[in-house]
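The values are calculated or read from the model by the stated rules, or taken from the named source; none is laboratory data. Note that the coordinates shown come from a computational prediction; the quantities given were computed from them, not determined experimentally. Virtual Cβ from ideal backbone geometry, glycine too; neighbours counted across all protein chains shown. Side chains included, ligands, DNA and RNA excluded: accessible areas come from the protein's heavy atoms. Shrake-Rupley method; radii C 1.70, N 1.55, O 1.52, S 1.80 Å.
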Amino acid sequence: MSPQRQRIISIIQDGGPADAKSIADILNQDRITTQQLLKRMVRDGLLATLPLAPRTYYATQQQEATNEDK
């Protein structure tokens, strides 16, 4: 997993569910670029979106279990 993906997962695990703008601000990165990466991470099963807030991301249980093993 890329360092940027690891950083995003850490941000969400430490601070709870977050939207692309919040994550982009922390990473000091463009919101659109961050949004595209977040969508790829959802596609890859690393993140999911909240049902009532489809632009808010959280780490999947699968990802949380993987990080606990480390």
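If you filter region 11-20 down to residues that are more than 10 Å from residue 57 (Cα to Cα) and touching a strand residue (DSSP E or B) at 6+ places or on another chain (Cβ under 9 Å), you find that the one that is surrounded by the fewest Cβ atoms within 10 Å (Cβ to Cβ) is 13. Residues that are open to solvent by less than 60 Å² (accessible area, probe 1.4 Å) and more than 9 Å from the chain's Cα centre (by Cα) within region 35-48 comprise 35, 45, listed in sequence order. The criterion of at least 3 residues that are modelled with pLDDT of 95 or more is met, among helices (runs of 4 or more DSSP H) falling completely within region 18-70, by 20-27, 31-43.
In region 1-22, the residues that are touching a residue at least 12 places away in the same chain (Cβ under 8 Å) reach residues that are open to solvent by 80 Å² or more (accessible area, probe 1.4 Å) and in a strand (DSSP E or B) with C-beta atoms within less than 7 angstrom, at least six apart or across chains, in these pairs: 19/55; 20/55.
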